[in-house]
Amino acid sequence: MSEVPSTGPSGQPGPPLWLLAELTYRCPLHCVFCYNPVDFAQHADELSTDDWLRVLRQGRELGAVQCGLSGGEPLVRDDLEVIVAEAHRLGYYTNLLTSGVGLTAERAKALKAAGLDHVQLSFQDSTRDMNDFLSNTKTFALKNRVAGLIKEQGWPMVMNVVIHRHNIDHIDRIISMASDLGAEYLELANTQYYSWAFLNRDQLLPTHEQLQRAEAVTDAWRLKLGDRMRLFFVAPDYHEGKPKKCVNGWGSMFLTVTPDGTALPCHTARMLPGLEFPNVRSVGLREIWFDSEGFNRYRGTGWMKEPCSSCDQREHDLGGCRCQAYLIANDPSAADPVCVKSPHHSLVLEAVAHAGTGASHSLREHPLVFRDPANSRRLSSGETI
């Protein structure tokens, strides 16, 4: 078995401090960069309310302290308030990750009363046209209203915008919009290329020049805003040449439970071949976390091969993202190809170079594929879109 991070004499990994409850894959939005699996339509059997309450209890017994409630769109679950109330009773810090669709004034009050601590509201852009185009919905005005509801309930105003070629040149307006809405925190999350974003990578990957301009604009806003709003610019993998720890280390602090109950060490690990991940319907979280082959496969550094196994950064980046290694190098045990030391790094360089030369033509040659159940079913059956 691979080496695992030790936090005590037992040699066992520490607890999963962050529990991500993906309550559903149902979502009214059709974002082209969604991290839900491309075959999400094949996983429609959702956990019951009682299942989720059991998962929450087992998570706290295991040591989890933060609970993210996501999807899809978690507000489509009629039992969301029940789940929030139980998480609050158990002592979790709760964070709702939402598009805002379904958050009415009445529901906001009910969630506040249930003990919800934090809401992260997603926007796709600062303009109605681009926001609605990227999500294939008419939700821009709704999101602005929901931002007001969040402020009314006294929740921290946290905004998330996924950044890519089609909105990166709007960074100035995006930050201005967040400031006008009273956000205390804005995450400018450069797209991570897996799932639907990987499918649309040629249309979404920005150029070096776009990234440099965006970072400069963000830095200027930091000086202007001071302590009024925190700006977090998530570094892009493909352009940095340095891999990041997969969710702070595979099986070290992050545990995802998918809508159908599959437990994962990261929210996209289900795609990896040769791994079996347990389901919470039949296996307890303690057994899943400590004993399952899926969670132990890439823990620590014992699984590594060259160039990772002898790299002086192996404890720092833990080899990078396993899903990225699989998608680009077709080998989940390979060095993350975004790393300059990876033998597959040329594939990343080619993708970035293509973004610089083919940006104006890619949409005509390969239209964006929107995340929706019909496309998911076609892709699952091997159909070309």
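Within segment 348-366, at least one residue is in a loop (DSSP other than H, G, I, E, B) and under 28 Å from Asp39 (Cα atoms).
When the residues of segment 269-299 are filtered to those that are touching a strand residue (DSSP E or B) at 6+ places or on another chain (Cβ under 9 Å) and not aliphatic (A, V, I, L, M), the one that is nearest to Pro37 (Cα to Cα) is Arg270. Checked across segment 89-97, the condition of being within 19 Å of Pro28 (Cβ to Cβ) and charged (D, E, K, R) holds for no residue.
Exactly one residue out of Pro37, Pro28 is closer than 15 Å to Asn375 by Cα and open to solvent by less than 40 Å² (accessible area, probe 1.4 Å), and it is Pro37.
Regarding segment 302-311, can at least one residue be identified that is under 22 Å from Trp52 (Cβ atoms) and at pLDDT 95 or above? For segment 302-311, residues under 22 Å from Trp52 (Cβ atoms) and at pLDDT 95 or above: absent.
Being farther than 25 Å from Leu349 by Cβ, of a type in the set (Gly, Ala, Ser) and open to solvent by 10 Å² or more (accessible area, probe 1.4 Å) holds for only one residue in Ala263, Ala220, Ala269, Ala235, and it is Ala220.
How many residues does segment 284-317 contain that are surrounded by fewer than 14 Cβ atoms within 10 Å (Cβ to Cβ) and not in a helix (DSSP H, G or I)? Within segment 284-317, residues that are surrounded by fewer than 14 Cβ atoms within 10 Å (Cβ to Cβ) and not in a helix (DSSP H, G or I) number 4. In the set Met177, Met130, only one residue is modelled with pLDDT under 95, aliphatic (A, V, I, L, M) and either over 17 Å from Leu96 (Cβ atoms) or within 18 Å of the chain's Cα centre (by Cα) (or both); that residue is Met130.
Could you pull out the residue among Tyr185, Tyr194 that is among the aromatic types (Phe, Trp, Tyr), touching a residue at least 40 places away in the same chain (Cβ under 8 Å), out of contact with any strand residue (DSSP E or B) (no Cβ under 9 Å at 6 or more places or on another chain) and open to solvent by 10 Å² or more (accessible area, probe 1.4 Å)?
On the way: Tyr185 fails: out of contact with any strand residue (DSSP E or B) (no Cβ under 9 Å at 6 or more places or on another chain).
Answer to the selection: Tyr194.
Of all residues in segment 318-343, those that are at negative phi, in a loop (DSSP other than H, G, I, E, B), of a type in the set (Gly, Ala, Ser) and buried (at least 20 other Cβ atoms within 10 Å of the Cβ) total 3.
Among the residues of segment 154-167, those identified as of a type outside the set (A, V, I, L, M, F, W, C), crowded, with 16+ Cβ neighbours inside 10 Å and in contact with a helix residue (DSSP H, G or I) (Cβ under 9 Å, 6 or more places away or on another chain) are His164, Arg165, His166, Asn167.
Once segment 70-126 is narrowed to residues that are open to solvent by 10 Å² or more (accessible area, probe 1.4 Å) and in a strand (DSSP E or B), the residue that is farthest from Leu56 (Cα to Cα) is Ser122.
The values are calculated or read from the model by the stated rules, or taken from the named source; none is laboratory data. Please read these numbers as outputs of a predicted model, since none were measured by experiment. Using ideal geometry, Cβ is built from the backbone for each residue, glycine included, and neighbour counts are taken over all protein chains shown. All accessible areas refer to the heavy atoms of the entire protein, side chains included, with ligands and DNA or RNA removed. Shrake-Rupley method; radii C 1.70, N 1.55, O 1.52, S 1.80 Å.
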